[in-house]
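All remarks here apply to the structure that follows.
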Amino acid sequence: MNSTDDSYSMASSLPSSLDQTPLSSLSAASSYASLVNCDETVSIHSESHQHFDKKTKKISTFNESKFLSTSDSNNTNNGSNNINKRTSCSTLQNRHVNKLCSILEEPIEIHGQGNFPTLNIVSKDFLIELRRAFHINNIDITDVRLNGGAASYVLTNDKAFSYSDIDFIFRCDLSSESTWTQIKTIVCECLSQHISSTSSSSSSFSQLSFSPIIIQAAYVEKVVRVINPSNNDSWALMSLCNVNGQNIELKFVDRMKRQFQFSVDSFQILLDPLLDHYEQTFKNQQQTNKKQAYYNQYHHSKQQYDYRSSKNNRYVSSSYRLPTISVECVYGSFESALTHLNRRLIATTSPERICGGGLLKYCLLLTRGYRPYDNGIASWQLEKLMCSRFFIDYADINEQEYKLLAFLSSHFSNDDTAKYRYLLQLRLIIERSTVCLMAHERNLTLTLITQLATDYYYRLYDEYNTYNLNGEITTTEVTVPNSITIDVIYHNEWDEWKSLHTPAKKQIQSQQQQQQQQDN
């Protein structure tokens with residue numbers, strides 16, 4: 001199937017939650033995700049649009065003591081709520097720029113299917129390669145931005161904050177399908193260049209030439225194309241696979257009606273000045289290396305060579321001064337969004353416009369210690385609106401199962417404890433806040449979540465029965481009381497149950513010592 005011409009219907013191959021176990025469903029969902037040579041083309045209707053602002057904003061002067069938020073020049077409603085104003089901007093402090101550089105300079109593994117080698121991608125180098133390739137092929141990229149959890153990580157003061165995917169936004173014109181096809185080809189060609197430079201790959205494998213379709217099938221986990229002519233919505237996504245959940249998400253945006261779910265993930269950091277700085281630094285380093293080689297060859301005087309070399313090194317170090325980096329908050333008020341991020345508050349606007357995945361993200365924030373913030377929308381009203389939207393976007397139980405399994409896989413990796421706690425939270429919200437379904441449909445969804453949570457629960461139970469005592473792994477039998485039912489599983493915390501029904505370590509040791517004495 002050709003990736004450039006065909007679209008894939010998500011609902012056609014989803015496993016039924018009534019016929020398969022959660023484990024077999026997870027396997028089926030994984031096999032579906034491997035069909036990356038087919039685009040998922042999504043069309044959304046009956047929602048008001050919100051144009052992606054392409055006008056250049058005035059950035060406030062760099063200030064090392066605090067963030068400086070500035071209002072738009074188009075502020076016609078003086079005294080109105082900041083949330084209703086247009087996008088505000090600010091600049092980053094040095095410590096935040098250093099955190100940003102650590103993200104861009106850290107190698108990330110992109111895992112290939114089959115015998116394709118694992119690629120070590122450095123984000124800054126990969127972005128520079130893409131920008132250069134786009135320019136050569138006459139694709140105009142307005143700017144490159146860091147978005148999502150990684151951008152929030154740069155800005156937050158919360159040391160416990162974590163993120164999974166690294167989301168990059170390329171603002172460009174997607175009015176032509178040929179442009180989107182060309183973009184996919186360029187991304188795959190850049191990945192192909194990394195295959196040839198991978199030292200771990202065999203010489204025979206690195207010398208082979210692969211088509212963009214093969215590279216896409218090997219390294220791209222999913223390809224999504226969203227077109228909504230009625231709302232003037234046009235954007236696309238390519239997700240580079242990482243089995244640990246830290247995917248590199250490349251989002252190409254022409255127009256997007258809604259750019260955020262909650263205020264804590266509404267930050268977009270403009271990377272172009274930093275990428276230009278990296279390019280210039282690399283050029284300066286190359287020039288310095290050439291000069292040093294020249295002086296080393298033609299000047300045998302050690303004193304003269306040391307003098308010129310130290311002069312060149314001073315030139316390179318002075319050129320490494322980091323530029324001023326601006327950040328844009330699409331929530332509406334930069335200071336409010338930053339406060340919500342640092343205080344772990346959940347706030348949003350127009351929750352009825354958040355796509356169905358907003359409910360899953362909301363429950364994820366709750367499990368991470370965030371709490372709803374009343375900015376004119378009560379928490380019970382917010383939950384009801386998001387539940388309604390979830391069942392509108394994912395009306396079929398098969399679609400719900402696929403979406404939930406994909407979310408668990410991408411956000412929790414192999415952490416069964418976190419998955420279990422998350423499913424408890426999701427079931428609670430759906431049970432108390434769903435008002436748009438008939439009882440039978442609601443029970444189908446609750447049963448699906450129950451099956452998944454029960455599976456993870458007994459995985460944890462089996463793992464906890466194994467202890468490491470005196471350097472030897474022994475298995476202890478723990479009797480599960482008959483009173484333990486599904487209701488108890490969902491209404492009691494795992495730690496509480498574990499403390500009540502699991503023998504203490506000292507008790508097990510004493511029992512083993514007594515048995516050894518009897519044997520002797």
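Quick look at the values:
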{"item": "Net charge, THR179 excluded, C-beta distance under 12 Å - Lys, Arg +1, Asp, Glu -1", "result": "-2"}
{"item": "Peptides 133-139, 446-452 ordered by average Cβ neighbours within 10 Å, highest first", "result": "446-452, 133-139"}
{"item": "Subset of LYS159/LYS257; LYS361/LYS403; LYS99/LYS291; LYS99/LYS184; LYS159/LYS251; LYS184/LYS419 violating a 23 Å alpha-carbon distance limit", "result": "LYS159/LYS257; LYS99/LYS291; LYS99/LYS184; LYS159/LYS251; LYS184/LYS419"}
{"item": "Cα lying deepest toward the dipole's positive end in region 348-468, options LEU423, SER433, ASN375, charges on Cβ", "result": "ASN375"}
{"item": "Mean Cβ count within 10 Å, highest first, over the residues of peptides 227-236, 105-114", "result": "227-236, 105-114"}
{"item": "Summed side-chain charge close to LEU100 - residues other than LEU100 whose Cβ falls under 12 Å, Lys, Arg +1, Asp, Glu -1", "result": "+2"}
{"item": "Whole-number D in µm² s⁻¹ for region 348-468, Kirkwood Cα-pair radius fed into Stokes-Einstein, 25 °C, 0.890 mPa s", "result": "162 µm²/s"}
{"item": "Normalised contact order of region 348-468, rounded percent, pairs of Cα under 8 Å and 6 or more residues apart", "result": "30 percent"}
{"item": "Amide hydrogen neighbours beyond the local backbone of PHE252, cut-off 5 Å, H modeled", "result": "PHE170, ALA236, LEU237, MET238"}
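Each reported figure results from applying straightforward, stated rules to the coordinates on display, with no laboratory input. Only a predicted model underlies this, so the values are computations on that prediction, with no experimental measurement involved. Using ideal geometry, Cβ is built from the backbone for each residue, glycine included, and neighbour counts are taken over all protein chains shown.
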